[in-house]
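J.: Pasting in a structure now, in structure tokens, and then I'll have a few things to ask.
Every read-out reported here was derived from the displayed coordinates using simple, explicitly stated rules and does not represent laboratory data. Since the model is a prediction, treat every value here as computed from it, not as a measurement. So basically every Cβ, Gly included, is an ideal-geometry build from the backbone, and we count neighbours across all protein chains shown.
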């Protein structure tokens, strides 16, 4: 990691992620009238096997959506299985959730959180990105193999819904070419 | 006479953003703090008649700083500049006596307006 980003670049990227997740949390908090706790963003480089390990859990549902534009990549959203009913209730879904409404809820949540996060991030860096609609991703079917990431920069933020078991993580994966674009933009920002 | 002003934020980029947004004609003596403890030390040393305060910081966060200032009836004018922009955060910050709650990314116009509103310019 130290090879890839300087301390200054890392600081800047972390702060941009902070602001983006603040906007994402605010979007969700206003919708469900609850308080969301934010973590400090994590910025790591992982190889393919480390990446796959993310899916070795039955605690989360996964969604994925790709984005295109001046940077390309994929946004993965992890949504805690334990809190699904609670947040469904807060979002006025009929409980208990059936499979169809559960999927609808998860995709809606992913879109709100990942959308606001990526949007905040792109706007601050004057990047143009367009996010596709999310789809469910079934890690148990070993679809993880379908990810083309060999070595990738992960930007991870974590949301915790206060007083519940619900938490969510957004992982933004960037390809090498996009990492170069990102570093250039960070440098511009730092030199201003 | 120059007004002692402190910017408290753990992010270098954020401190720079605030620094650059300060009106050039504003006569101040600037101090920078990287965490809540340093922010309180700056207040104690008389270096923060005005304090620009981030909420998410190591050691002691912005809420902790506000609580301490509040308990000690400090005269510091606190302007919170936060990435956490949820209504709950704003409410808490206001209940702890902060004068203003500004959102990141900070807009220079908004900062100038805030300073003017507070009679600091």
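J.: Tell me, what is the percent relative contact order of region B:1-66, built from C-alpha pairs under 8 Å that lie six or more residues apart?
T.: Numbers: 114 pairs, mean separation 27.9, N = 66.
For region B:1-66, the relative contact order is 42 percent.
J.: Okay, moving on. Which whole-angstrom value gives the distance between the alpha carbon centres of region A:120-137 and region B:1-48?
T.: Using only Cα atoms, the two centres lie 34 Å from each other.
J.: Oh, and also: Give me the one-decimal nm value for the distance between modelled label points at residue B:116 and residue B:73, 7 Å along each residue's Cα-to-Cβ direction.
T.: For the pair residue B:116/residue B:73, the computed spacing is 3.4 nm.
J.: Using alpha carbons only, how many degrees (0 to 90, rounded to 10) separate the axis of helix A:7-32 from the longest principal axis of chain A?
T.: Its long axis makes an angle of about 20 degrees.
J.: Enter the angle in degrees (range 0 to 90, nearest 10) between the Cα long axis of helix A:176-191 and the first principal axis of the Cα atoms of chain A, meaning the one along which they spread out most.
T.: 70
J.: Add -39500 (n - 2.57) for each DSSP H run of 4 or more in chain A, then divide by its residues: what number comes out at 222 nm, to the nearest 500 deg cm²/dmol? It would help to have the intermediate numbers written out before the result.
T.: Working: 5 runs with 81 residues, N = 192.
Calculated from helices alone, the mean residue ellipticity at 222 nm is -14000 deg cm²/dmol.
J.: Give the order of A:107, B:40, A:56 when sorted by the count of other beta carbons within 10 angstrom, beginning with the fewest. Provide the component values of the computation, followed by the final result.
T.: Details: A:107 19, B:40 24, A:56 8.
In order of increasing Cβ crowding within 10 Å: A:56, A:107, B:40.
J.: I want to check the label-to-label distance for residue B:19 and residue B:44. Put each point 7 Å from Cα in the C-beta direction and report it in nm to one decimal.
T.: Once both label points are built, they end up 2.5 nm from each other.
J.: For labels at residue B:2 and residue A:48 in the simple 7 Å Cα→Cβ model, what's the distance in nm?
T.: It works out to 5.8 nm between the two label points.
J.: Still on this structure: What is region B:3-117's relative contact order, in percent, from Cα pairs under 8 angstrom and six or more apart in sequence? Show your work: numbers first, answer last.
T.: On the way: 198 pairs, mean separation 29.1, N = 115.
After rounding, I find 25 percent.
J.: Based only on other Cβ atoms within 10 Å, what is the fewest-to-most ordering of A:97, A:4, B:51? Write out the running numbers ahead of the final one.
T.: Numbers: A:97 18, A:4 14, B:51 29.
Least crowded to most crowded, the residues run A:4, A:97, B:51.
J.: Looking only at other chains, what is the average number of their beta-carbon atoms within 10 angstrom of each beta-carbon in B:8-15? The partial results should precede the final answer.
T.: On the way: counts 0, 1, 5, 7, 6, 12, 5, 2.
For this peptide, the per-residue mean of nearby foreign Cβ atoms is 5.
J.: What residue among A:54, A:21, A:91 has the largest mean-square fluctuation in a Gaussian network model of chain A, using Cα springs under 10 Å?
T.: A:54
J.: With springs only between Cα atoms under 10 Å apart, run a GNM on chain A and tell me which of A:105, A:79, A:68 wobbles the most.
T.: A:68
J.: Using the alpha-carbon centroid of each, what span in Å lies between region B:59-121 and region A:11-27?
T.: Taking the Cα centre of region A:11-27 as reference, the centre of region B:59-121 is 18 Å away.
J.: Run lengths n ≥ 4 of DSSP H only: what is the helix-derived mean residue ellipticity at 222 nm for chain B, with -39500 (n - 2.57) per run over all residues, to the nearest 500? Walk me through the numbers on the way to the answer.
T.: Working: 5 runs with 48 residues, N = 121.
Calculated from helices alone, the mean residue ellipticity at 222 nm is -11500 deg cm²/dmol.
J.: Moving to a separate point now. For a test of the definition: using alpha carbon positions, the gyration tensor, and the 1.5 limit on a/c, classify region B:1-59 as rounded, prolate or oblate. Walk me through the numbers on the way to the answer.
T.: Values: a/c = 2.85, a/b = 1.24, b/c = 2.30.
It comes out oblate by the Cα gyration axes.
J.: Follow-up. Using Cβ counts within 10 Å as a stand-in for footprinting exposure, how do A:86, A:135 rank, fewest first? Intermediate results must be reported in sequence, preceding the final value.
T.: Values: A:86 18, A:135 14.
Neighbour counts put them in this order, fewest first: A:135, A:86.
J.: Using Cα springs under 10 Å in a Gaussian network model of chain A, which residue among A:84, A:63, A:123 shows the largest mean-square fluctuation?
T.: Among A:84, A:63, A:123, the largest mean-square fluctuation in the Gaussian network model of chain A belongs to A:123.
J.: Same structure, new question: Just report the Cα centroid separation between region A:170-192 and region A:28-57, whole Å.
T.: Between the Cα centres of region A:170-192 and region A:28-57 lies a distance of 19 Å.
J.: Expressed as a rounded percentage, what relative contact order does region A:1-130 have, with Cα pairs under 8 Å and six or more residues apart?
T.: Once divided by the residue count of region A:1-130, the mean separation gives 34 percent.
J.: For a paramagnetic label modelled at 7 Å from the Cα of residue B:29 toward its Cβ, which residues of region B:45-78 fall within the zone defined by backbone nitrogen distances under 11 Å?
T.: B:46-49
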